[in-house]
Each structure stands twice: as C-alpha cells, then as structure tokens.
C-alpha cells in the first residue's frame, strides 16, 4: 500500500466530491418533483395517465441505469446535432456538456423508482383522514398539500433514506460518460500512478462515509417529525 | 410516422453479419448466464451468512456484519473493480506460490464470482429475516420429534422460510440481471458491451441502446411472470393476506 499520491490529488478529490454531491442533490430533488405526481396519478388519476405512469415506472425499473445513461448521452446526444439550427441556438453550449445528460438520466431513474414508492405511500394514508379534510371544506389541492402529501412522505421516510443511498451508489456510473466525480477522479489516479487498489479503496471509504452521513441525516430528520406512536 | 419508421436502419439488426442482431442475442445469453450463476452463488453465500448471523459466535457475527455493511455501502461499480483485480491477483499469487503457471480467468467465471460475492451480502439479510420469520413453535415441534439440527433446517426451516424470502429474492434477481451491465466497464462481452460495440461500429447509437433496453426489459418482465408463478406455488399452504 502506497499513499504518496494522496496529497497531490486531494484537490481533485474535493472537486470530484462536489460533483458527486451535485449529481446526487439535483437528481434527487428533480426526481422527487416528478415522482410525487407520478405516484399520485397512479392512485387517483384518470386511467390513461395512471397507465402511462405505470408503464414509465416499469420501463425505468426494468432496465439497467447504465443503459439508460448511455441511451441518453450517446443516443439522444447523437440525434441532437442533426436537428437543424440547434448548433446556433442558446441550447447548444448546454447540450455539448455531459453533465446535463447525467442529471437527466439520473432524474428519470429517481422518478421511476420513487414514483413506485410514492404510489404505495399515497395509498397508505388512511381514508378517514382525507375524508375529514374534505369534510372541512378543503380544496382538493389543499388536501394534498396539508394532509395527503405530508402523511405519505412521513410513512415512507425510512424507505426514502434507503433509496437515497442507492442513488448515491449509482452516481459513479456518470464516470462512464466522462464526468469526473469522485470515482472518476480515482480512475485518473489509477491511470497516472499505476496504483490499482489504493485509489479504489480510498473512494470506497469515501462512499462509506457519505452513506453514513445520509443515514445519520435521515435519522436526525426522522426524529424531528412528530408522530403518534401506538402503544 | 411511417417516414420515421422507414428511416430507421432495421437491417443493422439482422441476425447474421453485417447485422448485429446475433451479437446482441449472444450478449443477452451471456448476461443471463452470468446473472444466473451469480444469483445461485449469492444464494449459497446468503444462506451460509444468514445461518452464521443467527447461530454463530460473536467473532463470526461481527465478521458477517462487516461484510454485509461494507458491501451494501460501497457502489457496485467500485466493488466490481476491486473484487475483479483483487480476486485475479490473489488467485495468481496463490498459484505462483504453489509453483503453478499464472492463469487468465475467463470472463464468465470472474463475472459470476464478483457479482455473486456482492449478491451474497444482500441475500444474507433477506434470508436472515425470512428464517427469523418462521414460527418458533414449528422448529420446537421438529426438535420434540427428535430431529437433529441439520434435519430441522432441511425439513422445516428452509421450506417454511421460502414464502417469506421470495419477494426479497425476486428483487435480488432483478437487481443482478441489471448489475451484469456494470461488467461492461471491466470488459466482459455481455449485452451492454456488445451493444456499445455495435453502436460504436454503426454509429446508430439511439437504435442499439433502445434495443438493448428492450431486451433487458423483456428479461425483467418474463422474470416477473416466473416469480409470480413460483410465489403462488409456495404460498399454497398459507392463508391469504389482507
């Protein structure tokens, strides 16, 4: 074991860590914004919408994220340049980068998995609570905002912690489309110093720390949610 | 729509060269083989791990706890690279120490070993929960009949835990079929890598990745049907839930 390379590459690892956290934060946030309506329409939506949401979840959950990522980056990315006028448009500088493609792919993946979780969560809220809210004369949207969504999120909070760890563990896939997040930096170290195990073990340790941080964060947040306990 | 369908170079998918369809199907078969092998290896590790976690002494339990925690906290991609390099290195060093020639491990064997080792950690937790869910009275009744520890587990515990374990095990199977795609990064020619080569050679990236996604999806959907059937069979003796 030789660690002489670590001080030299430390700034790169810090940059990589920031990229990893950006990937994680953005895709979780955007993905959850999509997952809530996807879960909701499967419970109450009109049948075609419910069916479409169902098909979306099945498709995302039934294919490897790596293939989705490559489909978005290489597949869509190779179609864009052939669209007339796109290279002159303001979108082109964004479409040339790999990062937006990774965010797009990860967001869809989070939306697919969490849409399924949210479907169960919305269904699990006791009917009586929703009826009570309606009896108070709340607008359907108010019911959703005040009662249905908070109660649903509260019930699946532990599940969401696990899902967030899974998303964290899928971020290294972004390295395969030239994004240098933490794992990507370790591949640079491997290529430049010919050390195989140390960089891998080092990022492995970093991911364990990040996983631990997520678990602790969610446990702290969970304790802050007031909840009536039976018995 | 018709013009769009006609503009897709379908001939690239024909089964014999210059088409790449045959390569994709061979890749799918490889993916299935690796997934099945890794799943079976994972189940064996998982069963041993679960029994060790429940009945083992403090040192064994601590070791297994470390194994399941570490494996589940580190990304699969990092694990695959670590296990792949470490595994082949270790094997070759052992062979050299014993005075044999170095060997190249086949992609299939290495893929099965790496993914199986990762699956084992998840399977340990699934099976541990399932074993603990078997009513204690049934095991005590078996002991009262004078069955030995091995007989109790072979005849009572393992068959009785299967219904509890099946949903988790079905999930693990779906995960392992998708995780095989990660082996493309280490250079095994399973479906993901075959697709990448086909897409790179023909420049029809979109077409080939969509086809690959469809192949993975069909594997998942067929697996779902099979697992639903198995679950119905194993739940025969259980009262309906809900």
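No lab work stands behind these numbers, since they all come straight from the coordinates. Here the structure is a predicted model, which is why all the values come from computation and not from measurement. As a convention, Cβ positions derive from the backbone with ideal geometry for all residues, glycine included, and neighbour counts pool all protein chains shown.
Considering every residue within region B:230-242, establish whether at least one is away from every other protein chain (no Cβ under 12 Å), on the phi < 0 side of the Ramachandran plot, without any contact (Cβ under 8 Å) to a residue 60 or more places away in the chain and assigned to a helix (DSSP H, G or I).
Looking through region B:230-242, at least one residue is away from every other protein chain (no Cβ under 12 Å), on the phi < 0 side of the Ramachandran plot, without any contact (Cβ under 8 Å) to a residue 60 or more places away in the chain and assigned to a helix (DSSP H, G or I).
May I ask you to list the residues in region A:121-159 that are surrounded by fewer than 18 Cβ atoms within 10 Å (Cβ to Cβ) and touching a residue at least 40 places away in the same chain (Cβ under 8 Å)?
A:123, A:154, A:157, A:158, A:159
With the condition being at negative phi and within 14 Å of chain B (Cβ to nearest Cβ), I'd like the helices (runs of 4 or more DSSP H) fully within region A:131-228 carrying at least 3 qualifying residues.
Counting at least 3 such residues, we get A:157-170, A:182-193, A:197-224.
Look at residue B:143 and say whether it is away from chain A (no Cβ under 14 Å) and more than 23 Å from the chain's Cα centre (by Cα).
Values: away from chain A (no Cβ under 14 Å): yes; more than 23 Å from the chain's Cα centre (by Cα): yes.
Yes.
Can you name every residue in region A:45-85 that is away from chain B (no Cβ under 14 Å), out of contact with any helix residue (DSSP H, G or I) (no Cβ under 6 Å at 6 or more places or on another chain) and either in contact (Cβ under 8 Å) with a residue 24 or more places away in the chain or outside any helix (DSSP H, G or I) (or both)?
A:45, A:46, A:84, A:85, listed by residue number.
Of the residues in region B:207-221, how many are over 14 Å from residue A:79 (Cβ atoms) and at the interface with another protein chain (Cβ under 7 Å from one of its Cβ atoms)?
6
Tell me, please, whether a residue that is surrounded by 13 or more Cβ atoms within 10 Å (Cβ to Cβ) and over 20 Å from residue B:43 (Cβ atoms) can be found in region B:173-181.
For region B:173-181, residues surrounded by 13 or more Cβ atoms within 10 Å (Cβ to Cβ) and over 20 Å from residue B:43 (Cβ atoms): present.
May I ask you to verify whether residue B:131 is in contact (Cβ under 8 Å) with a residue 60 or more places away in the chain, over 30 Å from residue A:65 (Cβ atoms), touching a helix residue (DSSP H, G or I) at 6+ places or on another chain (Cβ under 6 Å) and buried (at least 16 other Cβ atoms within 10 Å of the Cβ)?
Answer is yes for this residue.
Give region B:188-206 a look and list any residue that's facing chain A (nearest Cβ under 8 Å), over 18 Å from the mean Cα position of the chain (by Cα) and assigned to a helix (DSSP H, G or I), or say none.
B:195, B:196, B:199, B:205, B:206
May I ask you to say which residue of B:158, B:176, B:185, B:150 is part of a helix (DSSP H, G or I), within 29 Å of residue B:24 (Cα to Cα) and either free of Cβ contacts under 8 Å to residues at least 24 places away in the same chain or more than 10 Å from every other protein chain (Cβ to nearest Cβ) (or both)?
The unique qualifying residue is B:176.
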